[in-house]
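Novice: Pasting a structure here, questions to come.
The values are calculated or read from the model by the stated rules, or taken from the named source; none is laboratory data. Everything quoted here is computed from the prediction, not taken from an experiment. In this analysis, Cβ positions are derived from the backbone assuming ideal geometry, glycine residues included, and neighbour counts consider all displayed protein chains.
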Amino acid sequence: GAGVSQSPSNKVTEKGKDVELRCDPISGHTALYWYRQSLGQGLEFLIYFQGNSAPDKSGLPSDRFSAERTGGSVSTLTIQRTQQEDSAVYLCASSPRVAGAVKDTQYFGPGTRLTVL
Amino acid sequence: GDSVTQMEGPVTLSEEAFLTINCTYTATGYPSLFWYVQYPGEGLQLLLKATKADDKGSNKGFEATYRKETTSFHLEKGSVQVSDSAVYFCALRENTGFQKLVFGTGTRLLVSP
């Protein structure tokens with residue numbers, strides 16, 4: 001079956017512009033996570049969705065970052081007024097999160113490489 | 001907070017050599033532990049996992065044992081292949097709350113023929 005997909009695969013933008021990154025999770029997966037992979041910082045958690053709500057936004061680095069999820073499926077991560085330090089690979093993961101099951105595997109997409117000039 | 005520490009790379013080995021990549025963790029609860037692998041140009045893939053103390057995860061010839069007494073989850077393989085060249089990430093996930101993954105910094109493995 002189809003895995004987690006992300007678009008675009010690469011995005012180059014100028015400092016100060018806004019960008020939107022998209023994640024399509026595996027069909028039926030109710031949990032969705034965004035992570036960021038950057039040089040010097042490794043892989044960092046950004047935000048978690050259960051359905052359309054985001055009970056954990058603790059990893060978002062600033063108020064320039066926001067995310068939403070609609071229909072319990074597609075998620076969009078938006079970065080406003082991008083800065084050079086936002087350059088990284090943004091990874092999305094989904095998991096089944098079956099009620100009562102606490103040991104779900106997270107399946108990762110290929111990532112979006114963002115470069116801010 | 002929770003954290004994962006893994007050995008820095010790159011680790012350079014010849015084909016058929018023995019591999020160990022060290023991983024230790026700090027967590028307040030009883031986390032599940034994972035090794036993820038990222039092959040060149042590809043996304044993160046789950047390699048193996050262990051969900052409780054003394055569990056051994058294994059896959060594709062790789063093994064790791066959940067050692068609560070030493071808070072470790074070292075990755076081993078008896079005989080590496082060129083195709084094992086990748087970046088390996090150790091991670092933990094608490095079994096309560098929102099279950100986000102906390103990753104180590106990654107270790108690059110380079111295997112030469």
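Novice: Going through A:109, A:51, A:59, A:72 one at a time, which residue ends up being in contact (Cβ under 8 Å) with a residue 60 or more places away in the chain and not polar (S, T, N, Q)?
Specialist: Values: A:51 fails: in contact (Cβ under 8 Å) with a residue 60 or more places away in the chain; A:59 fails: in contact (Cβ under 8 Å) with a residue 60 or more places away in the chain; A:72 fails: in contact (Cβ under 8 Å) with a residue 60 or more places away in the chain.
Unique residue meeting the criteria: A:109.
Novice: Additional query: Residues that are modelled with pLDDT of 95 or more and under 15 Å from residue A:70 (Cβ atoms): list the strands (runs of 3 or more DSSP E) wholly contained in segment A:1-55 that include at least 2 such residues.
Specialist: Working: elements: A:5-7, A:10-13, A:19-24, A:31-38, A:42-50.
Qualifying strands (runs of 3 or more DSSP E): A:19-24.
Novice: Residue by residue through segment B:94-110, note down the ones that are more than 8 Å from chain A (Cβ to nearest Cβ) and either surrounded by 20 or more Cβ atoms within 10 Å (Cβ to Cβ) or among the aromatic types (Phe, Trp, Tyr) (or both).
Specialist: B:107, B:109
Novice: Name, by its number, the condition in (1) loosely packed, with under 13 Cβ neighbours inside 10 Å; (2) touching a Pro at 6+ places or on another chain (Cβ under 6 Å) that does not hold for residue B:15.
Specialist: Failed condition: (1).
Novice: If a residue must be polar (S, T, N, Q) and in a strand (DSSP E or B), how many such residues does segment A:61-85 contain? Steps first, please.
Specialist: Here is the first cut: in segment A:61-85, the residues polar (S, T, N, Q) are A:62, A:66, A:70, A:73, A:75-76, A:78, A:80, A:82-84.
Then drop every residue that is not in a strand (DSSP E or B), which leaves A:66, A:75-76, A:78.
The qualifying residues number 4.
Novice: What number of residues within segment B:59-85 satisfy the criterion of being surrounded by 18 or more Cβ atoms within 10 Å (Cβ to Cβ) and within 14 Å of another protein chain (Cβ to nearest Cβ)?
Specialist: So the answer is 1.
Novice: Just a yes or no: is a residue in segment B:10-31 within 22 Å of residue A:34 (Cβ to Cβ), over 10 Å from the mean Cα position of the chain (by Cα) and within 14 Å of another protein chain (Cβ to nearest Cβ)?
Specialist: Within segment B:10-31, one or more residues are within 22 Å of residue A:34 (Cβ to Cβ), over 10 Å from the mean Cα position of the chain (by Cα) and within 14 Å of another protein chain (Cβ to nearest Cβ).
Novice: Is it the case that residue B:38 is in contact (Cβ under 8 Å) with a residue 24 or more places away in the chain and within 11 Å of chain A (Cβ to nearest Cβ)? Steps first, answer last, please.
Specialist: Numbers: in contact (Cβ under 8 Å) with a residue 24 or more places away in the chain: yes; within 11 Å of chain A (Cβ to nearest Cβ): yes.
Against the criterion (in contact (Cβ under 8 Å) with a residue 24 or more places away in the chain and within 11 Å of chain A (Cβ to nearest Cβ)), residue B:38 qualifies.
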